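A.B. asks: Structure incoming, see below.
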Amino acid sequence: MDKYPDQKRAVQYLYPPIDPFDQRVVDMGDGHRIYVEQCGNPNGIPVVVLHGGPGGGCSPAMRRYFDPDVYRVILFDQRGCGRSRPTASVEDNTTWHLIADIERLRRLFEIEDWIAFGGSWGATLALIYAQTHPDRVNRLVLRGVFLATQAELDWFYGGGAGKFWPEQWAKFTSLLPEHEVKDAINAYHKRLFSGDRATEILYARAWSHWENALASIHTNGSVGESPGEYARTFARLENHYFRNKAFLEYDGQILDQMDRIAHIPGHIVQGRYDMICPPQAAWKLSQHWPDAELKMVRQAGHALSEPGISVELVRIMDRVAEGAA
């Protein structure tokens, strides 16, 4: 018997695998075609799932955090990634394009309002969407909070996390001339958008490895190499968004505009030892959001697959289903 419940594998806490009852590609009219799927109960409580990255795409496991008899779950691959096309494209691909896509999908499915469920970059997107359309979100469920501030970017790409993982930071920066290390995001941008596919994949794998190596509390830094095209898509999109500060108008915008969604109940699940998105952001968010419940998960890092993270998210959605949250 496990001493701590969160030592079990996350899959033990999820609902059984489920297939979508609807899959389609939606043409956004500006060259982007978005893959969308629905699963669960067609007449259930609507939830839109916002994946991380940017550039991560959805996975079948993301369907399993919701009781399929209760929830109507809508998942989509954001512009340029997953099954959406064109792959790895950053043209007409900004936060505000994604916000418009979410709202278009809500209208397409004739949903009055819905729960926004997202982690990491998905949490960022959920917050910005709610602040932009506060009458269309009835609840927020967030994990691994990222507020898209310069301080957070400096932590992960400026050497902060590297103080805890010096060997992985050395790998990440070894591909750069020493004078460019201090501005790693822009330095990687030059190579990820060089026009030479081999160069782009080389740097994309290094970019992706740096993040993947630090995702779980159980990691020893040894992770497999990402497939070249997946890494290229992920790294290019993430770098594009981070280089442009998530296309926000000013640093600290999300916290500054929390009054817009003060009426919306929220749940924040945060790994205590999250190396990618440190807990300070989640705590600050909770301080600006009186109607939010913050759960710090001990012995958990950043990944959605962390057992402690998964069990809390399932518990929250079950409580919401029961009307107890």
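A.B. asks: If you check residue 140 against the conditions, is it open to solvent by 50 Å² or more (accessible area, probe 1.4 Å) and of a type in the set (A, V, I, L, M, F, W, C)?
C.D. replies: no
A.B. asks: Also: Among strands (runs of 3 or more DSSP E) lying entirely in the stretch 1-107, which contain 3 or more residues that are in contact with a Gly (Cβ under 8 Å, 6 or more places away or on another chain)?
C.D. replies: Strands (runs of 3 or more DSSP E) meeting the threshold: 71-76.
A.B. asks: Let me ask another. Name the residue that is farthest from residue 42 (Cα to Cα), counting only residues in the stretch 79-109 that are open to solvent by less than 10 Å² (accessible area, probe 1.4 Å) and touching a Phe, Trp or Tyr at 6+ places or on another chain (Cβ under 6 Å).
C.D. replies: Per the stated criteria, the residue is 95.
A.B. asks: With the structure loaded, tell me whether residue 36 is aliphatic (A, V, I, L, M), closer than 29 Å to residue 200 by Cα, in contact (Cβ under 8 Å) with a residue 12 or more places away in the chain and open to solvent by 20 Å² or more (accessible area, probe 1.4 Å) or whether it fails that test.
C.D. replies: In short, no.
A.B. asks: On the basis of being surrounded by fewer than 16 Cβ atoms within 10 Å (Cβ to Cβ), without any contact (Cβ under 8 Å) to a residue 24 or more places away in the chain and in contact with a Ser or Thr (Cβ under 9 Å, 6 or more places away or on another chain), does residue 225 make the cut?
C.D. replies: So residue 225 fits the description; yes.
A.B. asks: (1) assigned to a helix (DSSP H, G or I); (2) closer than 15 Å to residue 146 by Cα; (3) touching a residue at least 60 places away in the same chain (Cβ under 8 Å); (4) not hydrophobic (A, V, I, L, M, F, W, C): which one isn't true of residue 308, the others all being true?
C.D. replies: (2)
A.B. asks: If a residue must be among the aliphatic types (A, V, I, L, M), out of contact with any Asp or Glu (no Cβ under 8 Å at 6 or more places or on another chain) and over 23 Å from residue 223 (Cα atoms), how many such residues does the stretch 291-315 contain?
C.D. replies: 5
A.B. asks: Take the stretch 277-290 and flag every residue that is open to solvent by 70 Å² or more (accessible area, probe 1.4 Å), farther than 30 Å from residue 221 by Cα and in contact (Cβ under 8 Å) with a residue 24 or more places away in the chain. Working first, answer last.
C.D. replies: Step one: list which residues in the stretch 277-290 are open to solvent by 70 Å² or more (accessible area, probe 1.4 Å), which gives 280, 283-284, 287-288, 290.
Filter once more, so that each one left must be farther than 30 Å from residue 221 by Cα: 287-288, 290.
288, 290, listed by residue number.
The values are calculated or read from the model by the stated rules, or taken from the named source; none is laboratory data. The shown structure was predicted, so the numbers you read here are calculated from the model rather than taken from an experiment. In this analysis, Cβ positions are derived from the backbone assuming ideal geometry, glycine residues included, and neighbour counts consider all displayed protein chains. These area figures cover heavy atoms from the full protein model, side chains too; ligands, DNA and RNA do not enter into them. Shrake-Rupley method; radii C 1.70, N 1.55, O 1.52, S 1.80 Å.
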